[in-house]
Amino acid sequence: MAINEQGLMAALGTVQDPATGKDFVSTRALRNLRIDGGAVAFEVELGYPARSQESALRTSLEAAARTVPGVDRVQVNIVTKVVAHAVQRGVQLLPGVKNIVAVASGKGGVGKSTTAANLALALAAEGATVGLLDADIYGPSQPMMMGINRKPESLDGKSMEPLVNHGVQVMSIGFLVDQDEAMIWRGPMATQALEQLLRQTNWKDLDYLIVDMPPGTGDIQLTLSQRVPMTGAVIVTTPQDIALLDARKGIKMFEKVGVPILGIVENMAVHVCSNCGHAEHIFGEGGGRKMAQDYGMDYLGALPLDIKIRLQADSGQPTVVAEPDGEVAQIYKKVARDVAVKIAQQSKDFSAKFPTISISKST
């Protein structure tokens, strides 16, 4: 029996992408359909990394195809293609980097750096090429969290090679100064040093560069959000009222400079006693979710106040690599996929397709 191509496409159109709620046929993500006798083969292109979800998605597509009379063999090839997306107006993209995501908070002590490290690792675990820039000049913590204790090399004397661990490219001022040395710099010096770290690092074809922003909304943060081509920002807060108050200031800063907020992560949302299992909301309950609702933003998820998260980060083995199949790691991976999906739905950057116009007196 000959396979009806129209019927096959209709059957495949019943399968929805769980991340977007849309089918792959109408969005033209399903491509290169081939029918050979009773064999069917096609490709599905995702605009975001989702390695952990591919097996279930492939199974759903195969099952849908087999409902069509005449189909006895199905081959599904799932590929990921992350592209560059639009940034602030007038800011050029960074060579070797498609998308830059700022992880920010209005104040310190809310777990921003831990979130940034695990977000980078989760994106890498889902199949993306990822970099992590430690933008906290005065208090760099990513060298310890990412388990890197060496200085970067320079092959040409002008730029630096990023250091790599756990599959993530990393750069931090902490690699260049002694661990106990205090960075007693005024704002302009710190800002210049940070721009050098960003622009003089040979990032290797990154799908995403996660920037661990310094806490607050001062000169360094404002300069970064104005000069660095950011695809979006993730706001980290705790449910505590004082943290939410400062997080709102961070949101306003990004709004003023035209950087979209990709969502809000609520850290230390609940503490579960490791001895008796009693759950207690030490820093309050639901503050991050309510703030997301107030601003019409995505609530990306809640992380527990868990001693293992702290111990793993301090040991240079953040949760996503220390316990990749654990419950907390799955939360980080879900946050990472949601961030990537949100980016994929934004406007693409077409600057590379524009012609270069030059004016000469001789013409």
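The values are calculated or read from the model by the stated rules, or taken from the named source; none is laboratory data. Since the structure is predicted, the reported quantities are computational estimates derived from the model, not experimental observations. Every residue, glycine among them, receives a Cβ derived from its backbone with ideal geometry; neighbour counts consider all protein chains shown. When the accessible area is computed, the model is the full protein with side chains, heavy atoms only, and any ligands, DNA or RNA have been set aside. Shrake-Rupley method; radii C 1.70, N 1.55, O 1.52, S 1.80 Å.
At a glance:
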item	result
Calculated FRET value between K81 and R186, using beta carbons and R₀ = 35 Å, to 0.05	0.20
Cβ-defined net charge surrounding T217, 9 Å radius [Lys, Arg +1; Asp, Glu -1]	+1
Rounded to 10°, Cα long-axis angle of helix 327-344 versus longest principal axis of the chain	80
Förster radius 41 Å - calculated FRET efficiency between R199 and L311 (Cβ-Cβ, nearest 0.05)	0.75
DSSP beta bridges in the range 140-267 [antiparallel fraction, %, rounded to 5]	35
Accessible area of H281 in the full protein assembly, 1.4 Å probe (Å², nearest 10)	80
The range 204-234-the range 57-106 distance, computed between alpha-carbon centres (Å)	23
Compactness of the range 14-60 as Cα Rg over 2.2 N^0.38 Å, two decimals	1.19
D298, D338, reordered so the largest accessible area comes first (probe 1.4 Å)	D298, D338
Computed accessible area, R34, all protein chains, 1.4 angstrom probe, square angstrom	130
Karplus-derived 3J(HN,Hα), 6.51/-1.76/1.60, for each residue of the range 243-260, Hz, glycine and proline x	5, 5, 4, 6, 4, 4, 5, x, 4, 4, 4, 5, 5, 5, 9, x, 9, x
Of the GluC sites (Glu not before Pro) in the range 243-325, those whose Cβ has at most 15 other Cβ within 10 Å and which sit in DSSP loop	E285
Percent RCO, i.e. relative contact order, over the range 172-293, from Cα pairs under 8 Å lying at least 6 residues apart	21
Dimensions (Å) - the range 52-109, Cα atoms, principal axes, largest first	57, 32, 18
Counting all C-alpha pairs of the range 1-109, share separated by more than 22 Å (%)	45
Nearest-10 value in Å² for the accessible area of D180, using the 1.4 Å probe	150
Long pairs among K308/K334; K22/K204; K204/K252; K98/K342; K22/K81, criterion Cα-Cα beyond 23 Å	K22/K204; K204/K252
Charge dipole (the chain, unit charges on Cβ, about Cα centre) - positive-most of Y138, I331, G21	G21
W203, W185, reordered so the largest accessible area comes first (probe 1.4 Å)	W185, W203
Ranked order, Y295, Y138, Y332 - accessible area, probe 1.4 Å, largest first	Y138, Y295, Y332
P(r) of the range 218-359 over all Cα-Cα pairs, binned every 5 Å from zero, in whole percent	2, 9, 15, 17, 18, 16, 11, 5, 3, 2, 1, 1, 0, 0, 0
Helix-only CD estimate at 222 nm, as mean residue ellipticity for the chain, using -39500 (n - 2.57) per DSSP H run (n ≥ 4)	-9500 deg cm²/dmol
